[in-house]
Amino acid sequence: MVKRLSRMLMTTVLGSALIAGAAFADTKISSGSLAGSYLAARIASTDKDTESASVYFRKALAQDPENSGLQQKAFVTFIANGDFEEGVAIGRDLMRKGEAPEIARLILSVDSLRGKSWRDAETELSKDWQNALDRLMAGLVLSWAQVGMGDTKKALATIDSLQGPAWFDLFTQYHGGLIALNAGNSKEAIKRLTEAYQNTAGGQAANDTYMRIVAALIHAHAKAGDVDQAMTLVGDALSLQPQSPVFELMRQNLTDGKPVRFEVTDAKRGAAEVFVNVGTAINKDGGQQFSRIYLELAKVLAEKSEIVLLELAELMDQQGLLVRSNAVFDRIPESSPYYRIARLEQALNLDELEKLDEARVELDNLIASDPDDLVAHLSYGAVLARHEKFKEAIQIYLPLIERVKEPTRIHWNLFYRLGISYERTKQWPKAEAAFKKSLELFPNQPSVLNYLGYSWVDMNVNLQEGLDMIRTAVDLRPNDGYMVDSLGWAYYRLGRYQEAVVELERAVELRPGDPTINDHLGDAYWRANRRLEATFQWQHALALDPEIDQIAIIQAKLKDGMEPLAKEKVAKPEDKQPEKG
């Protein structure tokens, strides 16, 4: 799913805020301790460890408290780390000196909003913003400040006056609808939210926000008494996100005649929603540090908001801050529809922290409390597979398969993962049957086509059908390095070495850091009589930290080359490279 805005938008936002210490670098460093603290803070920031970076920036500021360049960098770091009070104090000092980055006004407006100082926030936000994304955010937050002042008409006028690129529309449509909904104008709210719902192009770029729009529109229809339309939308939502606890709860409440919950109910929460929407939208590639700032600002305005906590915890997870991530997940209450998601993410984090036993306790509890939870079963199986416990993974998948009387498309991955587990435990007939069932449920699913096709070619059976499957998978995912590797290796196994070289060279371009793909290319070079290139490729594969059992094989090829074709050992199915991811 596409969760973020384009990288181009991300790289321009906060440009003036993230000054890389230029002013600091221009000053004379009078103390080794100051330089050391500053450099340590920079290194920690690079590692996304804002907690350590904040500690070192405090030490540096104690040595040189008036250094504006240092203040600017510390200001952004404190906000990203959740040290809002410290960040605001520095931001106000920079404003007094006329040296604050543009983003400071937006951050300081949050300080005003949390105290319901609506007019102060209006003053801080009413300026000419140079950056398009900052202009959008400031305009949206300003409109919520005007809601706080009781002027819905002015708030909607502010929304409607926002000018910018086409990607503005999804956010202005959504927040205009929320403001109308907050004012009790269901007709206007439904009109604006429907426009946002129909903006599928914008929704593809900001999927998280799009699903929030769907939830808000369901709430609006239910509030207006149109339960049938609300139920129709719930069905549409569940087709996009099967077994979503949010939409499952909405469906249950509609069925039971209970109110349908949506948490944006006042001006502060509306402003927080702006930061959530943009924060999740730009969380792509290098945008995580910016996303972190926005989500921390959302938390200031809506400290107990479950969606804010969930998104912030997931971002920390992405940044490798697993302990901090789990601490935030812990704040999501059991009554929340996001609770099971939080517990599942905690379990996966525990596994990454090499606490498999604790992770398994969490996963066992999740499955015991909901034996039909597809995501929990797949996640548990993936954890076991990571530790090569494929026999145990089979025992996780089979009970759910037995419970599913009539599998549908959403179950393709269940049979696919079962097939992998059977294949890894040398039960090929069962594996093949599971892969075929997966393709029956989801024809032309690239991952399944790739795995089954590669297995057939590797076993020297169903060669043409297997090759066609892999080609189809690559056509569907032309930039997937692992699938391109499968195609190249299939050509290799068929003795079509020139074609193998072409595909494997492209696979290496797509996945330059993968030792197995580099090793495959070395083998293809050797068979294509490009011996020097083969040697280089094998050496490169060794430098990429391959699996232990690969090391001796590669070293032997470097020493003696490859055996003549007549003596070459044919790979067994269990030796093949699995699809990653």
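Coordinate-derived values only; no laboratory data. Because the structure is a prediction, the values reported are computed rather than measured. Ideal geometry is used to build each Cβ from the backbone, glycine not excepted, and the neighbour counts take in all protein chains shown.
Using a Förster radius of 56 Å, what is the FRET efficiency between residue 228 and residue 425 based on their Cβ-Cβ separation? Nearest 0.05, please.
Calculated transfer efficiency: 0.70.
How would you order 395-408, 458-471, 290-303 from highest to lowest mean count of nearby Cβ atoms within 10 Å?
The packing order, highest mean first, is 290-303, 458-471, 395-408.
Output the Cα-based Rg and Dmax of region 382-466 in Å, rounding Rg to one decimal and Dmax to a whole number.
In order Rg, Dmax, the Cα atoms of region 382-466 give 12.6, 36 Å.
Neighbouring Cβ atoms within 10 Å as the yardstick, rank 369, 45, 305 fewest first.
369, 305, 45
Arranged from highest to lowest average of other beta-carbon atoms within 10 Å per residue, in what order do the peptides 386-394, 141-149 appear?
Details: 386-394: 16.6, 141-149: 25.7.
Per-residue Cβ counts within 10 Å, averaged per peptide and sorted highest first, yield 141-149, 386-394.
Across bins of 10 angstrom width beginning at 0, how are the C-alpha pair distances of region 463-523 distributed, in whole percent?
Percent of Cα pairs in each bin: 28, 56, 15, 0.
Defining a contact as two alpha carbons under 8 Å apart and six or more residues distant in sequence, what relative contact order in percent does region 458-581 show?
Computed value for region 458-581: 21 percent relative contact order.
Modelled label-to-label distance, residue 532 and residue 130, 7 Å Cα→beta-carbon offset: nm?
5.2
Quick one, can you get me the convex hull of the C-alpha atoms of the chain expressed as volume per residue in Å³? Please report the intermediate quantities before stating the final value.
On the way: hull volume 102.9 nm³, N = 581.
Here the figure is 177 Å³ per residue.
For the chain, what is the calculated [θ] at 222 nm in deg cm²/dmol (nearest 500), taking -39500 (n - 2.57) for each run of four or more DSSP H residues and dividing by its residue count?
Helix contribution divided over all residues of the chain: -22500 deg cm²/dmol.
Give me the percent of Cα-Cα pairs in region 458-581 that sit more than 25 Å apart, rounded to a whole number.
16
Tabulate in residue order the Karplus-calculated ³J(HN,Hα) for region 552-565, using 6.51 cos²θ - 1.76 cosθ + 1.60 with θ = phi - 60°, rounded to whole Hz; enter x for Gly and Pro.
Listing the rounded values in order: 5, 5, 5, 4, 5, 5, 5, 7, 10, x, 9, 5, x, 4 Hz.
R0 = 22 Å: FRET efficiency of residue 391 with residue 549, Cβ-based, nearest 0.05?
0.65
Given the C-alpha centroids of region 488-545 and region 194-242, what is the distance between them in whole angstrom?
48
Using the basic label-point model (7 angstrom from Cα toward the beta carbon), what is the residue 59 to residue 436 distance in nanometres?
That separation, rounded to one decimal, is 6.5 nm.
How big is region 106-211 on each of its three principal axes, counting only the C-alpha atoms and giving the largest first in Å?
Reported extents, whole Å, longest axis first: 36, 32, 22.
For the pair residue 198/residue 465, report the inter-label distance in nm, with labels modelled 7 Å from Cα in the Cβ direction.
4.7
Return the Cα extents of region 327-444 along principal axes one, two and three, sorted largest first, each rounded to a whole Å.
45, 29, 24
When 560, 351 are ordered from fewest to most other Cβ atoms inside 10 Å of their Cβ, what list results?
Neighbour counts put them in this order, fewest first: 560, 351.
Using the Cα gyration tensor of region 381-523, with a ≥ b ≥ c the square roots of its eigenvalues, what is the shape: rounded (a/c below 1.5), prolate (a/b larger than b/c) or oblate (neither)?
Prolate, because a/c is 1.5 or more and a/b exceeds b/c.
For the chain, what's the relative contact order in percent, using C-alpha pairs closer than 8 Å and at least 6 residues apart?
It rounds to 8 percent for the chain.
Would you kindly state how much longer the chain becomes between residue 498 and residue 335 on full extension, computed as 0.36 nm times their sequence separation minus their alpha carbon distance, in nm to one decimal?
52.7 nm
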